[in-house]
Amino acid sequence: MLEKWPLKNVRYAAAGLIYVLATQRNTRTLLVLATATIAVGMVLGLSLPELALLIAAAMGVVVAELINTAVESGVDLAARGFDPRAKVAKDVAACAVAVAGFVAIVVGSLLLIPRLLAR
C-alpha cells in the first residue's frame, strides 16, 4: 500500500494541472509569460543563482494562481449565493496573485533590464 501512495499523489496533481490548463486562461497566460521570461534570462546569460531567482519569482506567480483557483473553486462549492465572507476569501486569494506578480516584475526587472540595456 505504501508504494502506491506517491503515485496516487502524482495522479491527483496531474489531474489538477490538466483541469487548470483546460479551464483557466490566466494560468495558461502566466505559464507562457514565465517560460518566455526564463528563456530571455537564459539567452541573456544570467548566472545560475540569478536564473534560480528568476524561476522562483516566475513560478511563485503560477503557484499563487493555482492556489487562487483552488480557493475560488472551494468557495463556489461552499457558498450559496452572495456571502461577504466568500468575497473576502476570493479577494484575498486574488491579492496573493497580485503581490506575487508584483514581486516577479521587480525581480525580473532588476535581473533583465540591465542586461538588455548593456546589449
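Of all residues in the range 20-64, count the ones that are in contact with a Gly (Cβ under 8 Å, 6 or more places away or on another chain), of a type outside the set (A, V, I, L, M) and either part of a loop (DSSP other than H, G, I, E, B) or within 17 Å of Phe102 (Cβ to Cβ) (or both).
1
Yes/no per residue for (1) in contact (Cβ under 8 Å) with a residue 40 or more places away in the chain; (2) within 28 Å of Ala15 (Cα to Cα); (3) exposed (fewer than 11 other Cβ atoms within 10 Å of the Cβ); (4) under 13 Å from the mean Cα position of the chain (by Cα):
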position	(1), (2), (3), (4)
Ile38	no, yes, no, no
Ile55	no, yes, no, yes
Val61	yes, yes, no, yes
Leu112	yes, no, no, no
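Please pick out the residue among Val61, Val40, Val10 that is out of contact with any Ser or Thr (no Cβ under 7 Å at 6 or more places or on another chain) and closer than 22 Å to Ala118 by Cα.
The unique qualifying residue is Val40.
Which one is nearest to the chain's Cα centre (by Cα) among residues in the range 65-80 that are surrounded by fewer than 16 Cβ atoms within 10 Å (Cβ to Cβ) and either assigned to a helix (DSSP H, G or I) or among the small types (Gly, Ala, Ser) (or both)?
Filtering first and then ranking leaves Ile67.
If I ask for residues that are touching a helix residue (DSSP H, G or I) at 6+ places or on another chain (Cβ under 6 Å), hydrophobic (A, V, I, L, M, F, W, C) and under 17 Å from Ser109 (Cβ atoms), which ones from the range 56-65 would you list?
Answer for the range 56-65, where residues must be touching a helix residue (DSSP H, G or I) at 6+ places or on another chain (Cβ under 6 Å), hydrophobic (A, V, I, L, M, F, W, C) and under 17 Å from Ser109 (Cβ atoms): Ala57, Ala58, Val61.
Could you please let me know if Ala93 is touching an Asp or Glu at 6+ places or on another chain (Cβ under 7 Å) and among the small types (Gly, Ala, Ser)?
yes
Here, each number is a calculation from the coordinates, and none is a lab measurement. Since the structure is predicted, the reported quantities are computational estimates derived from the model, not experimental observations. Methodologically, a virtual Cβ is constructed for each residue, glycine included, from the backbone with ideal geometry; neighbour enumeration extends over all protein chains shown.
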